[in-house]
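Have a look at the structure below before the remarks.
The values are calculated or read from the model by the stated rules, or taken from the named source; none is laboratory data. Being a predicted model, the structure only gives us computed values, none of them experimental. Backbone-built Cβ (ideal geometry, glycine too); neighbour counts: all protein chains shown. Note: areas computed on protein heavy atoms with side chains; ligands, DNA, RNA excluded. Shrake-Rupley method; radii C 1.70, N 1.55, O 1.52, S 1.80 Å.
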Protein chains: 2
Amino acid sequence: MKISELARETGVPVATLKYYIREELMPAGEVRSRTSAVYGPEHVERVRLVRALTEVGGLTLVTTRRVLAAISQPGLDPTEVMGTAARSLYGEGYVEVPDEGDAAAVAERLPSSRARDWVVARGWQVDLRDPAIDALDRAWAACEVADLGLDETRMARYADAAELVAAVDVGSVPPEPTAAVRQVVLGTVLVEPVLEALRRLAQQHTAVSRAH
Amino acid sequence: MKISELARETGVPVATLKYYIREELMPAGEVRSRTSAVYGPEHVERVRLVRALTEVGGLTLVTTRRVLAAISQPGLDPTEVMGTAARSLYGEGYVEVPDEGDAAAVAERLPSSRARDWVVARGWQVDLRDPAIDALDRAWAACEVADLGLDETRMARYADAAELVAAVDVGSVPPEPTAAVRQVVLGTVLVEPVLEALRRLAQQHTAVSRAH
């Protein structure tokens with residue numbers, strides 16, 4: 001199909017489609033003549049994915065480009081899957097400390113933080129340099145500022161729920177590495193708004209049930 | 001303290017503080033002379049809250065203003081609490097259908113959607129016009145576009161987790177209405193990034209545990 005037809009099919013204006021091509025969010029069409037190129041179903045799929053990631057997932061174009069590059073990376077080692085997924089989403093935000101010695105030795109070199117201490121106490125086996133720990137620190141501090149009473153006990157109950165979610169997430173990752181990266185990355189981004197909406201609805205339901 | 005001291009105390013530039021006052025995110029200081037005003041600890045607290053909501057919670061200034069107005073609204077009826085909280089966060093996004101008859105009659109007038117049908121089947125007692133249902137529809141559709149295999153079974157397991165989270169949320173709401181709106185609104189916004197970070201860490205932990 002022509003680019004005008006791709007625009008009709010996806011509801012995305014031609015100018016935006018050309019922008020996606022320039023920004024490497026979508027491959028160019030197959031060139032047929034000096035002024036026209038041909039687009040196929042893989043382009044329709046790609047445009048829909050870009051829209052889903054940016055509009056529903058709230059990703060910036062820069063992160064979207066990194067995510068799309070990650071999910072089309074072939075021949076990954078299974079152990080690289082989670083790392084590639086995390087880096088594509090969160091950039092190179094890892095705390096830089098030498099990676100020598102065992103986990104405890106690495107942890108010793110890291111600045112201590114409430115979130116890092118909490119993760120260790122919880123017994124979660126995670127890379128303690130992961131940017132998610134810093135994100136947890138910032139988010140926890142913001143809750144303190146707002147005086148929400150989010151103490152270690154409530155955090156533990158939220159963590160129980162997070163483990164349930166993670167079990168579903170991890171259980172739906174296919175064995176083949178490229179497909180796995182795709183599932184982890186897209187699932188992390190696109191399931192987030194699902195969980196957010198479910199939480200709001202469950203809050204309503206719970207509040208109503210308790211009032212009766 | 002003077003505005004320059006408020007800036008030092010909060011780490012927010014004077015120009016930004018003046019902007020907050022113009023945009024009604026923070027009350028002006030008490031005027032002492034033609035050129036100076038005095039600020040107190042309540043201003044420090046307010047500035048930190050605005051930063052938490054915009055930087056960690058990711059709210060726009062417009063939503064932040066609505067949220068701040070909602071949490072300082074006195075004398076609310078307990079039944080208005082959830083509604084006020086939801087409207088401050090999501091605007092007037094309710095589907096407009098006449099509110100006559102019982103819940104089933106209202107539901108009949110609404111456009112059917114996968115999310116709405118799912119919520120009814122789940123037995124959640126929620127306002128079926130709630131914008132969270134449309135948000136769930138959009139988020140679910142985005143997962144379909146990305147071919148994530150998010151079917152009714154997986155949705156039910158995410159909903160189990162959402163109910164756990166909601167039980168903690170609702171359990172920490174104080175009985176006094178103004179404090180309750182504050183807790184619901186700020187908790188909805190500021191706990192979201194906590195849950196997101198926990199999910200990422202729990203995914204890592206779960207993936208590592210299963211591999212061993």
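What nm value, rounded to one decimal, do you get for the distance between A:Val120 and B:Ala167 when each label is placed 7 Å out toward the C-beta?
For the pair A:Val120/B:Ala167, the computed spacing is 3.1 nm.
Once the piece of chain linking A:Leu61 and A:Met1 is laid out straight, how much longer is it, given 0.36 nm per residue of separation minus the C-alpha distance between them?
19.1 nm
If we hang a label 7 Å off Cα along the beta carbon direction at A:Gly149, how far is it from the matching labels on the other copies, in nm, shortest first?
4.2
Relative to the longest principal axis of chain A, what angle (0 to 90°, nearest 10) does the C-alpha long axis of helix A:61-71 take?
90
Taking the axis about which chain B rotates onto chain A, which residue of B lies nearest it as judged by Cβ position, and how many whole Å separate them?
Of all Cβ atoms in B, the one closest to the rotation axis yields B:Ala161, 2.
Kindly state, as a whole number, the per residue volume in cubic angstrom of the convex hull around the alpha carbon atoms of the protein assembly as shown. Kindly include the intermediate steps, with their values, before the conclusion.
Values: hull volume 81.8 nm³, N = 424.
Roughly 193 Å³ of hull volume per residue.
What is the mean number of Cβ atoms from other protein chains located within 10 Å of the Cβ atom of each residue in peptide A:52-59, rounded to a whole number? Spell out each step's value before the answer.
Values: counts 9, 3, 0, 2, 9, 3, 1, 0.
Whole-number average of other-chain Cβ neighbours for A:52-59 is 3.
Shortest first and in nm to one decimal, what separations exist between A:Glu108 and its copies in the other chains, measuring from label points 7 Å along the Cα-to-beta-carbon line?
7.3
Under a 5 Å amide H to amide H cut-off, with H placed in plane at 1.01 Å, what residues pair with A:Val38 once short-range neighbours are removed?
A:Glu30, A:Val31, A:Arg32
Roughly how crowded by other chains is peptide A:144-152, in terms of the mean Cβ count from those chains within 10 Å of each of its Cβ atoms? Could you put the intermediate results ahead of the total?
Values: counts 3, 11, 16, 5, 9, 4, 6, 1, 0.
Average per residue, whole number: 6.
How high is the FRET efficiency between B:Val14 and B:Val208 when r is their beta carbon distance and R₀ equals 51 Å, given to the nearest 0.05?
Numbers: r = 48 Å, r/R0 = 0.94.
According to the calculation, E is roughly 0.60.
If the chain between B:Asp147 and B:Glu23 were fully stretched, how many nm would it gain, using 0.36 nm times the residue separation less the Cα-Cα distance? Please report the intermediate quantities before stating the final value.
Numbers: separation 124, 0.36 × 124 = 44.64 nm, distance 4.27 nm.
Answer, rounded to one decimal: 40.4 nm.
Full extension from A:Thr54 to A:Arg157: what is 0.36 nm times the residue separation minus their Cα-Cα distance, to one decimal in nm? Display every interim value, and only then the final one.
Values: separation 103, 0.36 × 103 = 37.08 nm, distance 3.10 nm.
Difference between extended and current length: 34.0 nm.
Give the nm distances, rounded to one decimal, from A:Glu23 to the matching residue in every other copy, measuring between label points 7 Å along Cα toward the beta carbon; shortest first.
Result for A:Glu23, in nm, nearest copy first: 2.3.
For chain A, what does the relative contact order come out to in percent, with C-alpha contacts under 8 Å and a separation of six or more?
Values: 153 pairs, mean separation 45.1, N = 212.
Averaging sequence separation for qualifying contacts and normalising by length gives 21 percent for chain A.
Can you tell me which of A:194-201, A:56-63 comes out highest on packing, and rank the rest after it, using the mean Cβ neighbours within 10 Å?
Numbers: A:194-201: 24.8, A:56-63: 16.2.
Descending mean neighbour count gives A:194-201, A:56-63.
On a 0 to 90 degree scale, rounded to 10, what angle separates helix A:177-211 from the longest Cα axis of chain A?
60
Can you give the mean number of other chain Cβ atoms that lie within 10 Å of the Cβ atoms in peptide A:173-185?
Values: counts 3, 1, 0, 0, 0, 0, 0, 1, 0, 3, 4, 2, 1.
Partner-chain Cβ atoms within 10 Å, mean over residues of A:173-185: 1.
What's the local net charge at B:Ser172, with K and R +1, D and E -1, over the other residues with C-beta under 13 Å away? Numbers along the way, then the final one.
On the way: positive: A:Arg154, A:Arg157, A:Arg210, B:Arg182; negative: A:Asp147, A:Asp151, B:Asp169.
Neighbour charge sum, excluding B:Ser172 itself: +1.
For chains A and B, what's the summed buried accessible area, probe 1.4 Å, to the nearest 100 square angstrom? Let's see the in-between values first.
Numbers: alone 13690 and 13670 Å², together 20550 Å².
Using a 1.4 Å probe, the pair buries roughly 6800 Å².
Please calculate how many Å² of accessible area the protein assembly as shown carries per residue, with a 1.4 Å probe and no DNA, RNA or ligand atoms counted. Display every interim value, and only then the final one.
Details: 20550 Å² over 424 residues.
That works out to 48 Å² for each residue.
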